[in-house]
Amino acid sequence: MPTDIRIKKGLNINLVGVAEATTSKAVASNVYNIHLADFHGLTPKMLLKEGAEVKAGEPIFFNKNYPAMKFVSPVSGELVEIERGARRKILNLKILADKQQTALEHPPLDISKASDADIRAFLLESGCWPFIKQRPYDIIAHPEEVPKSIFISAYATAPLAADINYTLSGREKELQAAIDGLAKLTPGKIHVGIGKGENSPFAQLTGFERHTVSGPHPAGLVGTLINKIDPINKGERIWTLSPQDMVIIGEAFLTGKFNPERIVALAGSCVKKPKYYTTKIGAEISTLLYASGVNQKDFRVINGDVLTGSKSRPDGHLGFYNNCVSVIPEGDDYEFFGWTKPVFEKISSTRSLTFSWMQPNKKYNLDTNTNGEHRAFVVTGLYEEVFPMDIYPLQLLKACMYKDLDEMEQLGLYEVIPEDFSLTEFVCISKQPHQEIIREGLDYLQKEIG
């Protein structure tokens, strides 16, 4: 039944440079990129060679461990480069886009008459299956497994994150089609979390269980929603999707075309005009960045939000799952004896001399400086203050570091993914890489237990 979830533990990080609610069409990129690191744990096998011509929506490679799972091109053009790393591992695929785009079309799917096998086959063939992620392990869902439920969070609380209600406005038809199709893939329920009091596009849709969520970040993370509604036990699977990816899936059901278009928030204090852009997966970030302009020379581009995104170059490309590009000052300067002086432009829930506790609504212009060096864990109880799950975060992190499988299981590693520890990493006075530790723990757990 629907629930009202109120999160008390957490921390809102209010940053300067939130994207304004205006949307422009980005200049079409010359080159589009598929970054293989976006698909964690995947072993790709190429279907095409360098120099091959490809249509938008045409398969380029497939999953070696499940050949029916295909990955398609976001645009039509020429596959100009297959970039490889150590041991010939494929790192990036670069496609030079045609000026006149052509797309591969599939017959639209009549969801009301389609079986679950028909829907799985369509998603695999059309290239939409990679949008479905599974927990545990935070990997692309296995098509032959049946999840006990499916979760979607339509409540964005991360700093500078795209406003989901704004980006989904007018896409109710595609969202409903995606919900109707996905509902046939699980014997359980589809759960959707929306912000309390928000005008969500999901408010008028049917076929799922709606939950209202309120509270500070990480209230908007899907992991928080799962923990409060339907926690994961050993041997169980839960699937998750982002709302914008559901639009692509729904449109594919209705039209038979893979349309990788999405509305992306370009945000951050270094952007002159933070706003939204309509672009495509794999597009050049520079097409957004230089349209809005930057107001300082030394800045960092983050592919995603500032807590979970990855560092990128201005000439980098939009990630497969991202709908936000953040641009903030590079933290390459250091303050002599900065830890001894009262400061007013930093956030800390432990240092009273930052005075951030007196200014809850103030917006900060933070940079990438960690303000300290890596050291051993200091037990402060701070993680528990910002971690709303019924899990001991410090103990779980340590269990992942010394690879104790029994403890990792008992402490709840099945329930979490790296992004759930992004806030504990932000407040960590020991400067430990929490998300990296959890990622390595999940990989080890999957390798040993499966």
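The values are calculated or read from the model by the stated rules, or taken from the named source; none is laboratory data. Nothing here was measured: the structure is a model prediction, and the numbers come from that model. Cβ coordinates were reconstructed from backbone atoms using ideal geometry, including for glycine residues, and neighbour counts include every protein chain displayed. Note: accessible area is taken over every heavy atom of the protein model, side chains too, but ligands, DNA and RNA are not part of it. Shrake-Rupley method; radii C 1.70, N 1.55, O 1.52, S 1.80 Å.
With the highest mean first, a sort of the peptides 86-98, 369-381, 280-292, 211-223 on other beta-carbon atoms found within 10 angstrom per residue produces 211-223, 280-292, 86-98, 369-381. For T240, the amide hydrogen comes within under 5 Å of the amide hydrogens of K133, Q134, R135, F151, counting only partners 5 or more places away or on other chains and with H modelled in the peptide plane. Of the whole protein surface, R439 contributes about 40 Å² of accessible area at a 1.4 Å probe radius.
For the range 256-322, the average shadow cast by the Cα convex hull is 4.5 nm², which is a quarter of the hull's surface. What does the charge add up to near F258, with Lys and Arg as +1, Asp and Glu as -1, over the other residues with Cβ less than 15 Å from its Cβ? Local charge sum for F258: -2. Ordered from longest to shortest, the equivalent ellipsoid semi-axes for the range 368-419 are 21, 14, 11 Å, each the square root of 5 times a Cα gyration tensor eigenvalue. The charge dipole of the range 155-288, taken about its Cα centre with unit charges on the Cβ of Lys, Arg, Asp and Glu (plus for the first two, minus for the last two), comes to roughly 160 debye. When only the Cβ of Lys, Arg, Asp and Glu is charged (+1, +1, -1, -1), the dipole of the chain relative to its Cα centre reaches about 460 debye.
For the chain, the residue among Y321, V222, P274 whose Cα projects farthest onto the positive side of the dipole built from Cβ charges is P274.
Database remark: amide H of E58 closer than 5 angstrom to the amide H of S73, L104 (H placed geometrically; neighbours at sequence offset of 5 or more, or on other chains; Pro and chain starts carry no H). Each of Y334, N233, A178 was placed along the dipole of the chain (beta-carbon charges, centred on the mean Cα), and the one lying farthest toward the positive end is Y334. Summing +1 for each Lys or Arg and -1 for each Asp or Glu, what net charge is found among the other residues whose Cβ lies under 14 Å from the Cβ of D245? Once positives and negatives cancel, what remains is 0.
About its Cα centre, the dipole of the range 56-199 is roughly 560 debye, where the only charges are +1 on Lys and Arg Cβ and -1 on Asp and Glu Cβ. Taking Lys and Arg as +1 and Asp and Glu as -1, the other residues whose beta-carbon sits under 14 Å from that of P107 total -2. These residues, Y66, Y383, Y402, go from largest to smallest accessible area, 1.4 Å probe, as Y402, Y66, Y383. Near the amide H of G195, within less than 5 Å, lie the amide hydrogens of V213, all on another chain or at least 5 residues away, with H placed in the peptide plane.
Sort out for me the Cα centre separation of the range 257-305 from the range 361-405, rounded to whole Å. Cα centroid of the range 257-305 versus Cα centroid of the range 361-405: 29 Å apart.
If both residues of a DSSP beta bridge must be in the chain, then about 60% of such bridges are antiparallel. So if the hydrodynamic radius of the range 32-109 is defined as the Kirkwood radius over C-alpha pairs, what does Stokes-Einstein give as its diffusion coefficient at 37 °C and 0.692 mPa s, in µm² per second? Answer, rounded: 253 µm²/s. Distance between the modelled labels on K398 and H106, one decimal in nanometres: 4.9 nm (7 Å Cα→Cβ projection). Here the Karplus relation 6.51 cos²θ - 1.76 cosθ + 1.60, evaluated at θ = phi - 60°, turns the backbone of the range 190-198 into coupling constants of 9, 10, 10, x, 10, x, 5, x, 8 Hz, with x for every Gly and Pro.
Placing unit charges on each Cβ (+1 for Lys and Arg, -1 for Asp and Glu) gives the chain a dipole about its Cα centre, and among S153, G250, P260 the Cα reaching farthest toward its positive end belongs to P260.
For the range 159-174, 3J(HN,Hα) computed residue by residue from phi via the Karplus equation (6.51, -1.76, 1.60; θ = phi - 60°) reads x, 6, 5, 5, 6, 4, 4, 6, 5, 9, 4, x, 10, 4, 5, 5 Hz, glycine and proline entered as x. Per residue, the chain exposes 46 Å² of solvent-accessible protein surface, assessed with a 1.4 angstrom probe and all protein chains in place. Extent of the range 193-270 along its three principal axes (Cα atoms, max minus min coordinate, largest first): 40, 36, 27 Å.
Separation of the range 65-93 from the range 192-236 is 34 Å, based on Cα centroids. Kirkwood's formula applied to the C-alpha pairs of the chain gives a hydrodynamic radius of 22.8 angstrom.
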